[in-house]
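Asker: So that we are looking at the same thing, I have put the structure below in structure tokens.
The values are calculated or read from the model by the stated rules, or taken from the named source; none is laboratory data. On a predicted model such as this, the values are computed, not experimentally measured, just so you know. Every residue, glycine as well, gets a Cβ built from its backbone with ideal geometry; the counts of neighbours run over all protein chains shown.
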Amino acid sequence: MTTKHLLSRALVAAGALGILAAGVAAAAGPPNKSGGGTPAVTLTLVNTDSDLSGVPAVARFVERVAGLSGGKLAIEVRSQTTYGPNAEQRVVREVSAGRSQLAWVGTRVWDTLGVKAFRALQAPMLVDSYALERAVLRSDLPAKMLAGLDGHGVVGLALLGDNLRFPASVKRQLRSPADFDGLRFRTIMSATQSAGLRALGAHPMSTSHDALGAGLNSGRIGGFETDFNTYESNDYAALAPFVTVNAALWPRTTVLIANPGALSKLSDEQQGWIRRAADDAAKYSLTTFGEDQRIVQLECRNGMKAVFASPVQLAAMRHAFAPVYAWLRQDPATASALAVITALKQHVKATPLAIPGGCNAAAPATAATAATFPQGVFRGRRTDADIRRIWPNADENGLRANAAIVTFTFKEGAFQIVLSDGGLPGCRRGDGSYSTSGHFVTTRILNAHGCPGVAVPGAPLTMRWWYADNQLRFRLVQSAPPLMHVIWEAIPLHRIS
């Protein structure tokens with residue numbers, strides 16, 4: 001839901017609704033399957049927003065149905081009056097039950113309803129440019145993804161492109177996984193998006209639009225994912241000035257759906273109008289996004305601060321998503337889609353945003369300015385939830401018992417890890433050596449004492465470290481077995497001596 005609308009989008013919606021009004025005036029009657037002398041029919045389209053200004057491709061679909069049918073097939077748009085984190089789920093169920101004939105919803109919600117077909121679009125930081133989004137939507141992936149709705153009570157008419165979503169925050173500059181750690185972060189309901197945010201250390205939460213504004217204002221919510229159109233139209237610069245402009249998380253793609261029973265009652269001619277209008281809307285959607293440069297210029301004057309993650313920080317975020325991608329690839333169709341998008345990514349060129357002078361957020365002060373790795377004894381309690389955040393399918397590997405009090409000791413190039421009050425039987429201690437270079441530390445486990453899943457003894461493991469307020473944190477910067485991510489990344493360690 002928006003509080004003000006972009007002029008270009010409002011004009012598109014107004015044009016569509018003007019033609020719609022003429023179409024709705026036609027009297028409804030039973031369809032004639034032969035197509036000859038077909039009486040006028042009105043279908044209802046549920047809109048998951050306050051109007052169609054935020055989804056110009058859907059407005060285009062409504063307009064094209066009216067135009068192609070000459071007013072013989074009208075679409076009445078019914079916008080929701082109540083909102084909430086499960087609004088899109090409700091809309092899908094309404095169309096599936098036949099209470100409405102048409103609707104649009106985000107691709108993000110489908111994985112909460114048992115549909116895996118669209119998850120590659122929400123894979124974190126995969127589709128991260130408009131050039132890549134257009135390439136994906138022009139490929140054969142949309143047809144395959146829409147076919148994934150078969151058997152779920154709806155028919156997929158079109159996959160529509162839309163704006164990229166970026167992390168925004170109230171106080172923190174979100175440049176690396178450490179910046180997300182512990183942050184209450186609002187996202188639209190999606191299992192894949194939530195998994196990506198948990199991998200960064202954030203606490204994902206779904207709230208209504210109104211609750212988001214209140215949560216940002218009160219401090220209960222520290223960050224959220226947004227596109228620049230939404231950011232501008234809701235004046236979010238006043239509440240959350242920091243936007244990481246070079247870390248697109250995923251696109252806001254949407255799906256036009258229909259009730260299969262309602263479609264079957266239409267004549268062949270009427271179904272043809274619906275299909276042609278949907279195809280046209282899909283093509284048109286490729287022209288409706290990418291206004292970010294214009295909006296950034298405006299929002300910088302309104303108080304937005306552009307945050308840039310360094311190449312090393314971007315790499316750290318992508319590395320943190322490794323368990324999420326492993327989870328997604330367990331589904332063969334999703335794995336195939338991920339491979340196609342990754343291949344397309346090698347052949348497109350992204351256009352970076354030009355940020356006005358004075359808009360760049362200052363680099364955050366580094367707590368450990370001397371880059372001296374701390375020595376001493378550090379401790380923390382690692383819970384089952386901490387483990388699953390890092391390794392979503394850890395339970396399948398019998399590692400629930402790895403929840404424990406963890407004690408690390410670092411002294412003069414040697415370290416020891418001790419697990420107590422939990423831990424795997426026979427796997428309660430590890431010993432090794434470490435060396436440092438600035439804010440990077442390389443460890444070598446010399447004796448894992450029979451722990452399963454630990455890297456080969458003696459193999460180097462390099463990670464970034466942070467130390468502030470007597471807390472020591474690590475992020476791996478290389479590929480490693482999942483258990484190693486759990487050991488080093490799951491929790492902050494508090495200095496006790």
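Asker: Of all the residues that make up segment 180-201, how many are in contact with an Asp or Glu (Cβ under 8 Å, 6 or more places away or on another chain) and among the small types (G, A, S)?
Answerer: Result for segment 180-201: 3.
Asker: Kindly evaluate A117 against the criterion of being touching a Gly at 6+ places or on another chain (Cβ under 8 Å), buried (at least 17 other Cβ atoms within 10 Å of the Cβ) and assigned to a loop (DSSP other than H, G, I, E, B). Write out each step before concluding.
Answerer: On the way: touching a Gly at 6+ places or on another chain (Cβ under 8 Å): yes; buried (at least 17 other Cβ atoms within 10 Å of the Cβ): yes; assigned to a loop (DSSP other than H, G, I, E, B): yes.
Against the criterion (touching a Gly at 6+ places or on another chain (Cβ under 8 Å), buried (at least 17 other Cβ atoms within 10 Å of the Cβ) and assigned to a loop (DSSP other than H, G, I, E, B)), A117 qualifies.
Asker: Kindly establish whether L149 is closer than 18 Å to L216 by Cβ, outside any helix (DSSP H, G or I) and in contact (Cβ under 8 Å) with a residue 60 or more places away in the chain.
Answerer: Values: closer than 18 Å to L216 by Cβ: no; outside any helix (DSSP H, G or I): yes; in contact (Cβ under 8 Å) with a residue 60 or more places away in the chain: yes.
Answer is no for this residue.
Asker: Starting from residues that are surrounded by fewer than 24 Cβ atoms within 10 Å (Cβ to Cβ) and either of a type in the set (A, V, I, L, M, F, W, C) or modelled with pLDDT under 95 (or both), keep the ones in segment 279-289 and report whichever is nearest to L353 (Cα to Cα).
Answerer: Going through segment 279-289, the residues surrounded by fewer than 24 Cβ atoms within 10 Å (Cβ to Cβ) turn out to be 279-280, 282-284, 286-289.
The next check asks that each one be either of a type in the set (A, V, I, L, M, F, W, C) or modelled with pLDDT under 95 (or both); those that pass are 282, 286-289.
Details: A282: 25, L286: 19, T287: 18, T288: 17, F289: 14 Å.
Here the residue is F289.
Asker: Here is a further query. Just one of V340, V348, V324 is part of a loop (DSSP other than H, G, I, E, B) and in contact (Cβ under 8 Å) with a residue 40 or more places away in the chain; which is it? Working first, answer last.
Answerer: Working: V340 fails: part of a loop (DSSP other than H, G, I, E, B); V324 fails: part of a loop (DSSP other than H, G, I, E, B).
That would be V348, the only listed residue that is part of a loop (DSSP other than H, G, I, E, B) and in contact (Cβ under 8 Å) with a residue 40 or more places away in the chain.
Asker: Return only the number of the condition from (1) modelled with pLDDT of 75 or more; (2) within 33 Å of the chain's Cα centre (by Cα) that S433 does not satisfy.
Answerer: Looking at each condition in turn, S433 falls short on (2).
Asker: What is the number of the single condition among (1) surrounded by 17 or more Cβ atoms within 10 Å (Cβ to Cβ); (2) at pLDDT 85 or above; (3) not basic (K, R) that P374 does not meet?
Answerer: Single failed check for P374: (1).
Asker: Here are R99, R134: which of them is outside the structural domain of Q193 (by TED's automatic domain parsing), of a type in the set (K, R), surrounded by fewer than 21 Cβ atoms within 10 Å (Cβ to Cβ) and more than 14 Å from L164 (Cβ to Cβ)? Show your work before the answer.
Answerer: Numbers: R134 fails: more than 14 Å from L164 (Cβ to Cβ).
Among R99, R134, only R99 is outside the structural domain of Q193 (by TED's automatic domain parsing), of a type in the set (K, R), surrounded by fewer than 21 Cβ atoms within 10 Å (Cβ to Cβ) and more than 14 Å from L164 (Cβ to Cβ).
Asker: Now, a different point. Take segment 213-235 and flag every residue that is over 19 Å from Q122 (Cβ atoms) and surrounded by fewer than 21 Cβ atoms within 10 Å (Cβ to Cβ).
Answerer: G213, A214, G215, N217, S218, G219, R220, S233, N234, D235, listed by residue number.
Asker: Condition first: part of a strand (DSSP E or B) and under 17 Å from the mean Cα position of the chain (by Cα). Can you find one or more residues in segment 245-253 that meet it? Write out each step before concluding.
Answerer: Our first condition is that a residue be part of a strand (DSSP E or B); within segment 245-253, this holds for 250-251.
In the following step, the residues that additionally are under 17 Å from the mean Cα position of the chain (by Cα) were identified as 250-251.
Taking every residue of segment 245-253 in turn, at least one turns out to be part of a strand (DSSP E or B) and under 17 Å from the mean Cα position of the chain (by Cα).
Asker: I'd like the residue in segment 190-206 that is surrounded by fewer than 21 Cβ atoms within 10 Å (Cβ to Cβ) and not in a strand (DSSP E or B) and, out of all such residues, is modelled with the lowest pLDDT.
Answerer: Result: S206.
Asker: May I pose another question? Run L256 past the list (1) closer than 24 Å to V155 by Cα; (2) among the aliphatic types (A, V, I, L, M); (3) over 20 Å from the mean Cα position of the chain (by Cα) and report the number of the one that doesn't hold.
Answerer: The number of the failed condition is (3).
Asker: Say we look at segment 260-315 and pick out the residues that are outside any helix (DSSP H, G or I) and more than 30 Å from N360 (Cα to Cα); which of these is farthest from the chain's Cα centre (by Cα)?
Answerer: Going through segment 260-315, the residues outside any helix (DSSP H, G or I) turn out to be 265-267, 286-291, 302-310.
Those left that are additionally more than 30 Å from N360 (Cα to Cα): 265-267.
Working: K265: 37, L266: 36, S267: 39 Å.
Step by step, filter segment 260-315, then rank; the result is S267.
Asker: Residues of segment 164-193 being among the aromatic types (F, W, Y) and either out of contact with any Pro (no Cβ under 9 Å at 6 or more places or on another chain) or without any contact (Cβ under 8 Å) to a residue 24 or more places away in the chain (or both), which ones? Steps first, answer last, please.
Answerer: Of all residues in segment 164-193, those among the aromatic types (F, W, Y) come to 166, 180, 185.
Matches in segment 164-193: F166 only.
Okay, residues lined up against (1) modelled with pLDDT of 70 or more; (2) surrounded by 15 or more Cβ atoms within 10 Å (Cβ to Cβ); (3) in contact with a helix residue (DSSP H, G or I) (Cβ under 6 Å, 6 or more places away or on another chain):
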position: A401; (1), (2), (3): no, no, no
position: I405; (1), (2), (3): yes, no, no
position: G426; (1), (2), (3): no, no, no
position: R444; (1), (2), (3): yes, yes, no
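Asker: Take the conditions assigned to a loop (DSSP other than H, G, I, E, B), at pLDDT 65 or above and in contact with a helix residue (DSSP H, G or I) (Cβ under 8 Å, 6 or more places away or on another chain) and apply them to P452. Does it pass? Don't jump to the end; show me each part of the working.
Answerer: Working: assigned to a loop (DSSP other than H, G, I, E, B): yes; at pLDDT 65 or above: no; in contact with a helix residue (DSSP H, G or I) (Cβ under 8 Å, 6 or more places away or on another chain): yes.
The answer is no for P452.
Asker: If you check I295 against the conditions, is it over 28 Å from L197 (Cβ atoms) and in contact with a helix residue (DSSP H, G or I) (Cβ under 7 Å, 6 or more places away or on another chain)? Can you show your working first?
Answerer: Working: over 28 Å from L197 (Cβ atoms): no; in contact with a helix residue (DSSP H, G or I) (Cβ under 7 Å, 6 or more places away or on another chain): yes.
For I295, the condition - over 28 Å from L197 (Cβ atoms) and in contact with a helix residue (DSSP H, G or I) (Cβ under 7 Å, 6 or more places away or on another chain) - is not met.
Residues checked against (1) crowded, with 24+ Cβ neighbours inside 10 Å; (2) touching a Pro at 6+ places or on another chain (Cβ under 6 Å); (3) assigned by TED's automatic domain parsing to the domain that holds W327:
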position	(1), (2), (3)
G54	yes, no, no
R64	no, no, no
G67	no, no, no
G70	no, no, no
N86	no, no, no
W104	yes, no, no
T107	yes, no, no
D111	no, no, no
V127	yes, yes, no
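Asker: Would you call R381 basic (K, R) and either at pLDDT below 80 or under 25 Å from H494 (Cβ atoms) (or both)?
Answerer: Numbers: basic (K, R): yes; either at pLDDT below 80 or under 25 Å from H494 (Cβ atoms) (or both): yes.
When the stated conditions are applied, R381 passes them.
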